Every structure is written in C-alpha cells, then in structure tokens.
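The structure under discussion appears below in the form of structure tokens.
Every read-out reported here was derived from the displayed coordinates using simple, explicitly stated rules and does not represent laboratory data. Quick caveat, the model's predicted, so the values are computed rather than measured. Glycine also receives a Cβ, built like all others from the backbone with ideal geometry; neighbour counts cover every protein chain displayed.
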C-alpha cells in the first residue's frame, strides 16, 4: 500500500507528491473543501482527528520500495499541526522517517507555533525541506470568523520568521484569497519581516459566490507589482491566472515545479509538470 500519492487538478499545483497523516481537522475553516471531497459531514470531519491506522508501517514500506526525489507535501487532508488526538506525535515520526530516507518535503500548516516543536527535525533535512503557512487575513477578527481554531495571523507570521531565521526555507500560501486588500496587506507584512522565500497565490473557489465580487485581474497585477521587484519566488495559480489573461507573467511564475524542493543528481531532473493545469 503506497501512502504517498500524486495529487491531481488544483492540488497538483502545490506539489508533485503528497502524504495525508490525519483524516480530519480541528481548525473548522469555513471554506474547507475536505468534508465535501471526502463525502463527510462537518460533524464527522471536524474534531480531534486520530492518525491514519498503521500510517508509519505503511509509510516505511512505501519508502523501502520507492525513491522520491521531488517534494512530498504534508498534507492536503487535515492539518498535521492541528489539535489532533496524539498532539502531532505521528507528524514528528513521519518527518523523522522522511528525513532518514532523504525525501524532500513541504509542510503546510495553520498551526502557528506548534510547528516549532519539530524545528530540530526540520533542520535534519538541510535544503530538502520548506515549511509554510496559509495566510488569509491580517485582521484578527476576520481570521477568527473564517478560521475559528487556527493560529491567529500574528502567530503564523511570527512562526515563519522564527523558521526563516533558523535557516529553514519558508513559503506562504495565499489561497484562498478572500479579500484581496487583506492578502496584499499580509504580503507587505511578510516583506517587512523578510520571513518568506516563496509565495503561492490563488483565490477562493466555489464558496458561496465569494469569488464573484472581486476584481481578480487587479489583484493579480497588484501582486506582480508588489512582489516581482523583490526577486522573491512566486507562483500564481491557474484559477487566478485564467481570470486575468492580460496580466503578463514570467514563465517561472506559471510553473508550479519551478521552485519545489527536490533532490538533484548530476543530471538535472525533468519536471513532472508540463503545461497549464485545467
């Protein structure tokens, strides 16, 4: 049983491989797609999730059989640093195993300082890891409304800064963008703190028509004007690009694999990705 898998569709834009440790989450984000995707009720999905049964056993078998040279994302289903049943102990063991097998890893979490418990493990990866957080609102009241039990934005930003200052490559996911002005304010804050190496920028999708009232072309152009002069690594997701066809982007700003964490041999690896995702 292979527990590391290749995501498809919009998820593929984040990583060529992924691993889900917990099926469930305590953050209760209003826009969360997971209950619908997994055909679970909110009452069933949201809570204090247990780690997947025998996940460590199956992961070790997977790693003994397969070699992963491009990043594995933790995770698309459930937050590996939410309020889970084992206090993220399984997350730590998974990371230790992935590090031992020299697997490149990306960690995405809204858990804030909970991520720092594993700073020592992150460091064992060297340049084979990037750790990030989702940033939606600078306004704490709005953050509490949309992401009731996730870490507040100030804590997420502080965590990114600590990670970055400790030599860990960091990224910020601006998906969903719900209010462009809030996301732009957050981007400015990350630049002020110098705590983010790579940005992934998209928009809110398929949630109560929240995406129908925004000028997404202006938002994309504002992001380009703000970030391109800094030389930061940026990827703009297809869902945003398709609504702003007149905004000129650089090839690397449209290639999701341009800046992923990977293990390279003497021959440069070809990307698993070729062309726009639809």
Residue-span extension gain [residue 161 to residue 142] - 0.36 nm each, minus C-alpha spacing: 4.6 nm
Looking at the square roots a ≥ b ≥ c of the eigenvalues of the Cα gyration tensor of the stretch 121-252, which shape do they give, rounded for a/c under 1.5, prolate if a/b is larger than b/c, or oblate? oblate
Hey, with R₀ at 41 Å, roughly what FRET efficiency would residue 226 and residue 6 work out to, going by the Cβ-Cβ distance, to 0.05? 0.80
Quick one: Debye curve from the C-alpha atoms of the chain, no solvent, what's log10 I(q)/I(0) at q = 0.15 Å⁻¹? -1.19
Take residue 56, project a point 7 Å from its Cα along the Cβ direction, then tell me which residues of the stretch 76-106 have their backbone nitrogen under 19 Å from it. 80-82, 84-103
Tell me the mean residue ellipticity at 222 nm calculated for the chain from its helices only (DSSP H runs of n ≥ 4, each -39500 (n - 2.57), averaged over every residue, nearest 500). -9000 deg cm²/dmol
I want to check the label-to-label distance for residue 69 and residue 36. Put each point 7 Å from Cα in the C-beta direction and report it in nm to one decimal. 3.8
Rounded to the nearest 5, the percent of antiparallel DSSP beta bridges in the stretch 9-254 equals 5
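Tell me the relative contact order for the stretch 9-254 as a rounded percent, counting alpha carbon contacts under 8 Å between residues six or more apart. Walk me through the intermediate numbers first.
Numbers: 422 pairs, mean separation 37.9, N = 246.
Value for the stretch 9-254: 15 percent.
If neighbour count is taken as other Cβ atoms inside 10 Å, put 83, 181 in order from fewest to most. Walk me through the intermediate numbers first.
Numbers: 83 16, 181 13.
Ranking 83, 181 by Cβ neighbours within 10 Å, fewest first, gives 181, 83.
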How much length is gained if the chain between residue 264 and residue 102 is pulled fully straight, taking 0.36 nm per residue apart and subtracting their Cα-Cα distance, in nm to one decimal? 57.2 nm
Determine the principal axes of the Cα atoms in the stretch 83-151, then give the extent along each, sorted from largest to smallest and rounded to whole angstroms. 42, 27, 15
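When a footprinting reagent is the concern and you count Cβ atoms within 10 Å, what order do 73, 160 take, fewest first? List each step's numbers first, then the result.
On the way: 73 23, 160 26.
By the 10 Å Cβ count, ascending, the order reads 73, 160.
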More than 17 Å apart: what percent of Cα pairs in the stretch 37-95 qualify? 47
